[in-house]
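*Asks:* Quick one: the structure is below, and I'll ask about it shortly.
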C-alpha cells in the first residue's frame, strides 16, 4: 500500500523536483550509512527524524512549498513545518549537525 501511496504523491511533483529530493536522500544515506528507504519512510527514531529534518530544511531553502516537501516523506505539511523548525534549532546548538546540513545543501546546489 505504501508504494501505491508514494507513487501517487511522487507523480504530483515535477521530475526535476523528484530528482532533487532523491539526490538529497541519497546524499544523506551515503553520509550516514542509513538506507534511503529508511530515511524516507522508516521509523520515528531520533536519528531518522534528524536526517529527515535536514532534508526538509534543504528543500525548503530551495524554495519548495511545505506540501511539496511533505509529499516526499508521505506526511502532513505541518509535520514538515515542525521539522524545519527543529532543524534550525539544532543547527544553532550542534555544530556537527549544522555542518551536515550545509554539506547536504552544497551537494545539490545548482542542480534541478
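*Asks:* Out of all the residues in region 48-63, which are surrounded by 14 or more Cβ atoms within 10 Å (Cβ to Cβ) and more than 11 Å from the chain's Cα centre (by Cα)?
*Replies:* 62
*Asks:* May I pose another question? Of the residues in region 83-100, how many are in a helix (DSSP H, G or I) and surrounded by 13 or more Cβ atoms within 10 Å (Cβ to Cβ)?
*Replies:* Going through region 83-100 one residue at a time, the tally reaches 11.
*Asks:* Considering (1) under 18 Å from residue 104 (Cα atoms); (2) at pLDDT below 90, say which one residue 24 fails and leave the rest.
*Replies:* So residue 24 meets the others, but not (2).
*Asks:* Exactly one condition in (1) part of a helix (DSSP H, G or I); (2) free of Cβ contacts under 8 Å to residues at least 60 places away in the same chain is not met by residue 31; state its number.
*Replies:* It is condition (2) that residue 31 fails.
*Asks:* Now a separate question. Could you check region 73-82 and list, in sequence order, the residues that are modelled with pLDDT of 95 or more and either assigned to a loop (DSSP other than H, G, I, E, B) or in contact with a strand residue (DSSP E or B) (Cβ under 7 Å, 6 or more places away or on another chain) (or both)?
*Replies:* none
*Asks:* Let me ask another. Are any residues in region 24-33 touching a helix residue (DSSP H, G or I) at 6+ places or on another chain (Cβ under 8 Å) and either under 15 Å from residue 75 (Cβ atoms) or surrounded by fewer than 17 Cβ atoms within 10 Å (Cβ to Cβ) (or both), and if so, which ones?
*Replies:* Of everything in region 24-33, those that are touching a helix residue (DSSP H, G or I) at 6+ places or on another chain (Cβ under 8 Å) and either under 15 Å from residue 75 (Cβ atoms) or surrounded by fewer than 17 Cβ atoms within 10 Å (Cβ to Cβ) (or both) turn out to be 25, 26, 31, 32.
The values are calculated or read from the model by the stated rules, or taken from the named source; none is laboratory data. In this text the structure is predicted, and so the values were computed from the model without any measurement. All Cβ positions, glycine included, derive from the backbone under ideal geometry; neighbour counts span all protein chains shown.
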